[in-house]
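These notes concern the structure reproduced below.
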Amino acid sequence: MRMIEMDRTVGIRDQLADAGGPVILVNVFTVDAAEADRLTEAWAQDAAYFQRQPGFVSAQLHRGIAGSSTFLNYAQWQSVEAFRAAFTNPEFQAKLSQYPPSTVASPHLFRKIAVPGICVG
């Protein structure tokens, strides 16, 4: 698996240094169409691992429509600390080799913000 940062100025490793509260992990995956099923299988194993970790709230995998081989993972965590502990754990890092060779991942952490009249923070 190859990683490409979603934000060229702030990478996932930079974000792991944050000490704040609830965060959303958004991870966009691209893969050769012939390997899409393998990506789904590898992601399911990762999700099962994450479900057992303290601070994990939920996860949902989405796939682009019309034959797309782009996937989006949306996962909720209680804190950056909880995500960091799970993400940097050697057990999880070893799982990354299960993804198909063509996989490109772009993980990034987000927090809700308030936009008056539209959404709450």
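Nothing in this text is a laboratory measurement; each read-out follows from the coordinates by a stated rule. Bear in mind the structure is a predicted one, so any value in this text is a computation, not a measurement. Please note: Cβ atoms are built from the backbone with ideal geometry, for glycine as well, and neighbour counts cover all protein chains shown.
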Going by alpha carbons, how many degrees (0 to 90, nearest 10) lie between the helix axis of 36-51 and the longest principal axis of the chain? 40 degrees
Which shape class applies to the stretch 2-110: rounded if a/c is under 1.5, otherwise prolate when a/b exceeds b/c and oblate if not, where a ≥ b ≥ c are the square roots of the Cα gyration tensor eigenvalues? prolate
Using the 10 angstrom Cβ neighbour count as an exposure proxy, how do Arg84, Arg38, Arg63 rank, fewest first? Arg63, Arg38, Arg84
Note, the stretch 68-76: 3J(HN,Hα) by Karplus (6.51, -1.76, 1.60, θ = phi - 60°), whole Hz, Gly/Pro = x, goes 5, 10, 9, 10, 10, 9, 10, 10, 9
Skipping prolines and chain starts, which residues have an amide H placed within reach, meaning under 5 Å, of the one on Met3, given they are 5 or more residues away or on another chain? Ala105
Among Asn89, Asn73, Asn27: highest mean-square fluctuation, GNM of the chain, C-alpha pairs under 10 Å: Asn89
